[in-house]
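Peer 1: Structure provided below as structure tokens; questions to follow.
The values are calculated or read from the model by the stated rules, or taken from the named source; none is laboratory data. From a predicted model like this one, the values you see are computed outputs, not experimental measurements. Every residue, glycine as well, gets a Cβ built from its backbone with ideal geometry; the counts of neighbours run over all protein chains shown. With ligands, DNA and RNA removed, areas are computed over all heavy atoms of the protein, side chains included. Shrake-Rupley method; radii C 1.70, N 1.55, O 1.52, S 1.80 Å.
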Amino acid sequence: MKIFSTFCLALVLIFSFGFTFDYYPGSGPVNITPMVPDVLGNVKIINSDGRTQIVNINSTDSFPLFSGFPKNNLVGQVSEGGILCNMDGDNDLEIVYNTGYTIQAWNFDGSNVPGWPVTVPALPLDGAPACGDIDGDGELEIVVVNHGATVGQGGNIIALEKNGTAVTGFPIVHGYSSRTPVLANLDGAGGLEIIVNKRQLSSTSEIWVYRGTGVVFPGWPKLINHYPASSSAVGDITGDGMPEVVSESVSSLYAWGADGNPIAGFPYSMPGGDVNSYSSPVLVDVDGDNIREIVFGTHNSSVGDGAVYLLKNNGTLMSGWPKRVTQWIYGPPAVGYIDGDNIIDIAVGDQVSSGTPIDYINAWNKNGTSLTGFPIGPINAVNNQITLADIDNDNNFELICDDNTSTAGRGKYLAFNHDGSPVAGWDVNTNGATFFSTPMLGDVNRDGVLDIAGSGMNFSPITSTFYLWNTAAPYIPLKIINPMWQFNSRHNGVYGDNPLVGIEPISGVMPSKFSLGQNYPNPFNPATKIKFEIPAGVSAYTTLKIFDMLGREVNTLVSEELVAGTYEVAWSAKNQPSGVYFYKLNAGNFTQTKKMLMVK
């Protein structure tokens, strides 16, 4: 017991440098079970005497790999996953991951994107990379953070152009920032803002917002009452057409307007000793009133269980919530229509470091009623966000999750049907545990077939191996709820915002032609929405830009490859003068411009 206590103390000390891991020794195929302390440095462990092991027989990879993959044993770890984005303007998507001190970017054939990989100095990267147009130039940038050695030391916010060179104004020497940066447009002007946390003393930690020029956004930073617990979520929760920033400290949930003013009812403090760690909030309209609610997971170090909370935008609980689970929750909740009854559902896995399967995947509808077939388990720990997608073309959503064990060096992603039964043809195996690595789903080479990217991690030394699989199933974007961690490459945590840009597909009916709708409302003050359509069978690089009366570009709302569908994007002219504006859609060979009027 003295040895074990000493090890736990070491975990607390090492936590400042990132995750640390342990495993249960034994003879034969060893079941490796990594441990991650929570934000306060605590761990929950079952069967810690080192005598328990599990022997599994793993099949070969269920799906064929793309040529050029896997990328074997790169130094460093993956946290929360990677992103799919268009790095070079062609029709294909690229795969971007943080691992150790290096940002990797690959084409679908496994070759490096020109200018990549990029190595960052001094400190390891934390969380996933984020991608978006932060400086308003119509081109995508990559944003990452490295978190610092200890509280108050080091830590940079790094922004890179698609060719790997630094964006003007970066890097920012920010301090200890943990988890994944979030990108969002807070003021309706050109360029996305960068939302990060700053871990200092427990009573002086902060949430920061930077412009894409590297300067601090007006009204920020904001003080929180404990260490930051996770990445923020950013989306409209008040119905005013403008986004709010929702963030977690260890002990509370905060919500501010874009100007930094608190939203009435926040901060919300969880009762009974529940605390936040890693389970970033998700924003979703569960009751159909066009106002998003907030869902997030917690755990309780004293009792040893966890809970999922569902809050209204005034900081009060929805009826039937919170829902208790048997272990801690680290992953952000997943939301979607899992069981086909047209009532939105919430799914989450729990986790504890254990020598035996003791964890579960839980799913409830918005009213807090468990879905038929749930909870699923017992299984090994689920540390990350569950992926919801129709991966077998049966018109039902499946649930894909990470797994925190590896047996004889082999890890796996698990997949379950909407009724809780295992998906045929899985597990998908990896070199090392899939621990804390959300898979990514998309059509990377644009051949109409669903592709999956993922990673496995080994220990002593810590290395990661990266995969790109071809599933042979058709790629149907509307059947993928969260293709990446927190729904998109900007990681804003907004349900429904799952294309690779900040727009929402609003219909499952495939259009027959290109079209650009009239904005509504029109006239408007200060926000309006613009709808456009890309016809069935078409994939087109699409831009939607705003111009003033003199023809000067005011904002780029869309700049990305899009598949067929009906899309809607919001624009706020809060910081623009009254007058006539024009919006122009370019999609493939289609171009159309329309006029709108903003009256203050």
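Peer 1: Does ASN396 qualify as being part of a strand (DSSP E or B) and either surrounded by fewer than 23 Cβ atoms within 10 Å (Cβ to Cβ) or in contact with a His (Cβ under 7 Å, 6 or more places away or on another chain) (or both)?
Peer 2: Against the criterion (part of a strand (DSSP E or B) and either surrounded by fewer than 23 Cβ atoms within 10 Å (Cβ to Cβ) or in contact with a His (Cβ under 7 Å, 6 or more places away or on another chain) (or both)), ASN396 does not qualify.
Peer 1: Restrict the check to segment 348-357 and report whether at least one residue is touching a residue at least 40 places away in the same chain (Cβ under 8 Å) and farther than 23 Å from GLY304 by Cα. Show your work before the answer.
Peer 2: We begin by selecting, within segment 348-357, every residue touching a residue at least 40 places away in the same chain (Cβ under 8 Å); these are 348-357.
Of the ones still in play, those that are also farther than 23 Å from GLY304 by Cα are none.
No, because not a single residue in segment 348-357 is touching a residue at least 40 places away in the same chain (Cβ under 8 Å) and farther than 23 Å from GLY304 by Cα.
Peer 1: Report, by residue number, each residue of segment 434-470 that is under 28 Å from PRO535 (Cα atoms), out of contact with any Asp or Glu (no Cβ under 7 Å at 6 or more places or on another chain) and part of a strand (DSSP E or B).
Peer 2: MET440, LEU441, ILE452, ALA453
Peer 1: For residues in segment 309-321 being in contact with a Ser or Thr (Cβ under 8 Å, 6 or more places away or on another chain) and of a type outside the set (Gly, Ala, Ser), which is least open to solvent (accessible area, probe 1.4 Å)?
Peer 2: Of segment 309-321, the ones in contact with a Ser or Thr (Cβ under 8 Å, 6 or more places away or on another chain) are 309, 313, 320.
Right, trim to of a type outside the set (Gly, Ala, Ser) and you get 309, 313.
Values: TYR309: 2, ASN313: 46 Å².
Applying the filter and picking the extreme gives TYR309.
Peer 1: Contact list please: Cβ distance under 9 Å, first residue in segment 511-522 and within 30 Å of VAL599 (Cβ to Cβ) and in contact (Cβ under 8 Å) with a residue 60 or more places away in the chain, second residue open to solvent by 20 Å² or more (accessible area, probe 1.4 Å) and in a loop (DSSP other than H, G, I, E, B), pairs at least six apart or on different chains.
Peer 2: PHE514/GLY588; PHE514/ASN589
Peer 1: Shifting gears a bit: Here are the criteria: (1) closer than 16 Å to GLY493 by Cβ; (2) surrounded by fewer than 17 Cβ atoms within 10 Å (Cβ to Cβ). Tell me which single one GLU193 does not satisfy.
Peer 2: All conditions are met except number (2).
Peer 1: Something else about it: Identify, please: which residue in segment 516-552 is hydroxyl-bearing (Ser, Thr, Tyr) and open to solvent by 30 Å² or more (accessible area, probe 1.4 Å) and is, among those, farthest from GLY241 (Cα to Cα)?
Peer 2: If we filter segment 516-552 for residues that are hydroxyl-bearing (Ser, Thr, Tyr), which is where we start, we get 520, 528, 539, 541-543.
Remaining after also requiring open to solvent by 30 Å² or more (accessible area, probe 1.4 Å): 520, 539, 541.
Numbers: TYR520: 12, SER539: 29, TYR541: 26 Å.
The selected residue is SER539.
Peer 1: Moving to a separate point now. Do the conditions hold for GLY425, that is, is it open to solvent by 10 Å² or more (accessible area, probe 1.4 Å) and under 26 Å from ARG324 (Cβ atoms)?
Peer 2: Values: open to solvent by 10 Å² or more (accessible area, probe 1.4 Å): yes; under 26 Å from ARG324 (Cβ atoms): no.
When the stated conditions are applied, GLY425 does not pass them.
Peer 1: Moving to a separate point now. Residues that are open to solvent by less than 10 Å² (accessible area, probe 1.4 Å), assigned to a strand (DSSP E or B) and β-branched (Val, Ile, Thr): does segment 259-275 have at least one? So that I can check it myself, show each step before the final result.
Peer 2: Step one: of segment 259-275, the residues open to solvent by less than 10 Å² (accessible area, probe 1.4 Å) are 260, 274.
Those left that are additionally assigned to a strand (DSSP E or B): none.
No, segment 259-275 has no match at all.
Peer 1: Then there is this: Give the number of residues within segment 92-147 that are among the hydroxyl-bearing types (Ser, Thr, Tyr), in a strand (DSSP E or B) and either open to solvent by 10 Å² or more (accessible area, probe 1.4 Å) or in contact with an Asp or Glu (Cβ under 8 Å, 6 or more places away or on another chain) (or both).
Peer 2: Step one: filter segment 92-147 for residues among the hydroxyl-bearing types (Ser, Thr, Tyr), giving 97, 99, 101-102, 111, 119.
In the following step, the residues that additionally are in a strand (DSSP E or B) were identified as 97, 99, 102, 119.
This time we only want the ones that are either open to solvent by 10 Å² or more (accessible area, probe 1.4 Å) or in contact with an Asp or Glu (Cβ under 8 Å, 6 or more places away or on another chain) (or both), so: 102, 119.
So the count comes out to 2.
Peer 1: If GLY340 passes every condition in (1) at pLDDT below 95; (2) open to solvent by 40 Å² or more (accessible area, probe 1.4 Å); (3) touching a strand residue (DSSP E or B) at 6+ places or on another chain (Cβ under 8 Å) but one, which one does it miss?
Peer 2: (3)
Peer 1: Let me ask another. Modelled with pLDDT of 95 or more, touching a helix residue (DSSP H, G or I) at 6+ places or on another chain (Cβ under 9 Å) and either open to solvent by less than 20 Å² (accessible area, probe 1.4 Å) or not in a loop (DSSP other than H, G, I, E, B) (or both), is that true of SER279? Please lay out each step first, then the result.
Peer 2: Values: modelled with pLDDT of 95 or more: yes; touching a helix residue (DSSP H, G or I) at 6+ places or on another chain (Cβ under 9 Å): no; either open to solvent by less than 20 Å² (accessible area, probe 1.4 Å) or not in a loop (DSSP other than H, G, I, E, B) (or both): yes.
No: the conditions fail for SER279.
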